[in-house]
Structures are given as C-alpha cells and as structure tokens.
Amino acid sequence: MGYIEVRNLKKEYRTDKVSFEALKGIDMDIQSGEVLSILGPSGCGKSTLLNCLSGIDDPSSGKVIIGGTDVHALKDDSKTYFRAVNMGFVFQFYNLIPVLNVIENVELAMLASGRKEKESREAARNVLERVGLEDRLFYYPSNLSGGERQRVSIARALVHTPKIIWADEPTGALDTETGKKIMELIINLNQEYGQTFVIVTHDERISNYSDRILKMDSGMIVENIILKDKRN
Ligand code: ADP
C-alpha cells in the first residue's frame, strides 16, 4: 500500500486502423514524501504514464488511487479541482504564461486553487525567494534564462503546497550544469517540505538524484531500484 496506488494501468491509443498499447498493465505504489524517478528511453510510455497518474489523461483501464481517492472515478469538475489542490506540475518547456510576469505566473496557481489575492501574492513572493528569484519578481519569462524559467515553474508547482509534484523531463531543455542545480533544488525542497515528487526522465544522471528509480521499457515497469530508503 502506498500514498499513490496504481493498479493494472493500461492505455491504448487508437487511430483509424491501428491500435497501440502504450501502457501494458502498470502496478506500483509511491510513498508519501518519496522522490521517484521513472526512467526509460524515448517512446517507452513515460509521459503517457505521468498523464494518466495525474488525471490529465484517461487510462483505458486500471486504477490510480491517491490518498484514498480513485482519481479516474471523479467527474471532470471534481477531477480538475482535485488536481488544482493536490498537484503541481513541472514541464520540460516550463509552460509559463508569456504575458504574465514571474510573480503573476506563480500566484495564478494559488488563485486557481481558490485562495485569496493577498494570500496568493504573499505565498508567491515567499516561494520565489526560496528558489532564489527574489530579484526577478517583475521580469517576464522571455527575459529569463532556461534555468530561471524552470525555477519559476518549480515555484508555481509548489506555491499552493500540493502533496504531489509531477515533473516531465524537468531538465530536458537545460545544459548539464543547470540541470544538476535544478535537481539539487528539487531534493532540497523535498527535504524541507516533504512533498512527493514523481519525475519522468530519459537521463540516468537525473534519476540518480531520487530516492527510487522505476525503469520503464515498452509500456512496462522492468526494474525497481531503491537508492535511499525513506520508510523509517
Ligand atoms: P515517452 O514519454 O517515454 O517518450 P510517450 O508516453 O510520449 O513516451 O509515448 C509512448 C508511445 O505512445 C509512443 O510510441 C508514442 O508514439 C505513442 N503515443 C503517445 N501519444 C499518442 C497519441 N496521442 N496517439 C497515438 N500514439 C501516441
């Protein structure tokens, strides 16, 4: 039993003539506060898995239970709300809103989860300080480096104190040194706040920062590698 329980999760993509099984029955448990990497080559189904875990996409069959809630049994509105409150997202290409400045991008995640404006601005300022961007609050994304943009998106993922952060190739668009710094930041934040991080990557150097690695190949989990045992 884990905080996130995944049972026989399958995803089939159908086009006119062919169907393709991108997830072939995934079973796994993720503990609360764990930093888990899902490691595998391009095309093995990592993003599909992450999207089905977070409820962005629907699996063809199987279950995802998060803190006792069967995510895919929720109606669309409740699922959206569940996501907004419980989850934060970090993407390879940051997905920042170009017409909003740094602090506005971050506070938006607070407003989306139903918090008041003043509280949202305060929380955004605090978390941006925590990721080292206190002197970039009123910059626009286009005036930031890749590493800075990813720090904004990490601040956005964390600001509403969700229980889970999903990160899809968070260092994929960054040079090696900046990628290392982003992973160090993630690990420090996990130690400080105890959120669960699930990170998808094709890069073993990145996955080595985590507590545990699940290796994936052709829609299946093929290996479970424990690097740090946090259960005690
Ligand atoms: P990864 O994240 O590991 O690179 P993906 O989850 O993106 O892998 O893709 C897994 C497989 O599913 C790939 O072969 C990809 O071509 C296929 N796939 C992904 N999305 C779709 C889609 N919307 N329609 C059809 N096939 C898809």
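The calculated pair-distance distribution of segment 115-154 uses every alpha carbon pair, bins of 5 angstrom beginning at 0, and gives 6, 24, 31, 23, 12, 4, 0 percent.
For segment 1-127, the square roots a ≥ b ≥ c of the C-alpha gyration tensor eigenvalues yield an a/c of 1.5 or more together with a/b exceeding b/c, which makes the shape prolate. Each Lys or Arg adds one and each Asp or Glu subtracts one; over the other residues with Cβ under 14 Å from the Cβ of LEU50, this totals -1. Give the carbon-plus-sulfur fraction of the accessible surface of the chain in %, rounded to a whole number; probe 1.4 Å, heavy atoms of protein chains only. Its accessible area is 48 percent carbon and sulfur atoms. Here the dipole of the chain is about 280 debye; that uses its Cα centre as origin and unit charges on the Cβ of Lys and Arg (positive) and Asp and Glu (negative).
Quick query: amide H of VAL90 versus all other amide H atoms, modeled in the peptide plane; which residues come in under 5 Å with a sequence gap of 5 or more or a different chain? Correct list: TRP166, ALA167, ASP168. In this structure segment 63-153 gives 53 Å² per residue of accessible area when probed at 1.4 Å with all protein chains present.
Springs between Cα atoms under 10 Å define the GNM used for the chain, and in it the highest mean-square fluctuation of ASP29, ASP77, ASP58 occurs at ASP77. For the pair segment 147-200 and segment 1-44, the centres of their Cα atoms are 21 angstrom apart. Determine which lysines satisfy two conditions relative to LYS118: a Cα distance under 25 Å, and not lying fewer than 8 residues away in the same chain. By straight Cα distance, LYS118 reaches LYS163. Estimated purely from DSSP H runs of n ≥ 4, each contributing -39500 (n - 2.57), the mean residue ellipticity at 222 nm for the chain is -10500 deg cm²/dmol once divided by its residues.
If one takes the longest principal axis of the Cα atoms in the chain, at what angle in degrees, from 0 to 90 and to the nearest 10, does the Cα axis of helix 117-130 lie? Approximately 80 degrees, to the nearest ten. Across segment 1-76, the convex hull enclosing all Cα atoms gives 97 Å³ per residue. 3J(HN,Hα) couplings calculated from phi for segment 86-95 with the Karplus curve 6.51 cos²θ - 1.76 cosθ + 1.60 (θ = phi - 60°) are, in sequence order, 9, 10, x, 10, 10, 10, 4, 9, 6, 6 Hz; Gly and Pro show x. Determine, from the Cβ-Cβ distance of ASN126 and PHE20 and an R0 of 41 Å, the FRET efficiency 1/(1 + (r/R0)^6), rounded to the nearest 0.05. Computed FRET efficiency for ASN126 and PHE20: 0.40.
Its residue count N fixes a reference of 2.2 N^0.38 Å for the chain, and the Cα radius of gyration divided by that reference is 1.00.
Residue-normalised convex hull volume from the C-alpha trace of segment 74-114: 87 Å³ per residue.
Relative to the longest principal axis of the Cα atoms of the chain, helix 102-112 runs at roughly 60 degrees.
The Cα atoms of segment 83-168 give a gyration tensor whose axes a ≥ b ≥ c have a/c of 1.5 or more with a/b no greater than b/c, which makes the shape oblate. Which whole-number percent gives the relative contact order of the chain, counting Cα pairs below 8 Å spaced six or more residues apart? Averaging sequence separation for qualifying contacts and normalising by length gives 28 percent for the chain. Using r as the Cβ-Cβ distance of LYS75 and GLU119, and R0 as 30 Å, what FRET efficiency do you calculate, to the nearest 0.05? Once the sixth-power term is evaluated, E becomes 0.60. Straight-line reach from LYS181: taking Cα to Cα under 22 Å and skipping same-chain neighbours fewer than 8 places apart, the lysines in range are LYS228.
The values are calculated or read from the model by the stated rules, or taken from the named source; none is laboratory data. The shown structure was predicted, so the numbers you read here are calculated from the model rather than taken from an experiment. Positions of Cβ are backbone-derived with ideal geometry, glycine not excepted, and every protein chain shown enters the neighbour counts. The protein model used for the area step is the full one, side chains on, heavy atoms only, and it has no ligands, DNA or RNA in it. Shrake-Rupley method; radii C 1.70, N 1.55, O 1.52, S 1.80 Å.
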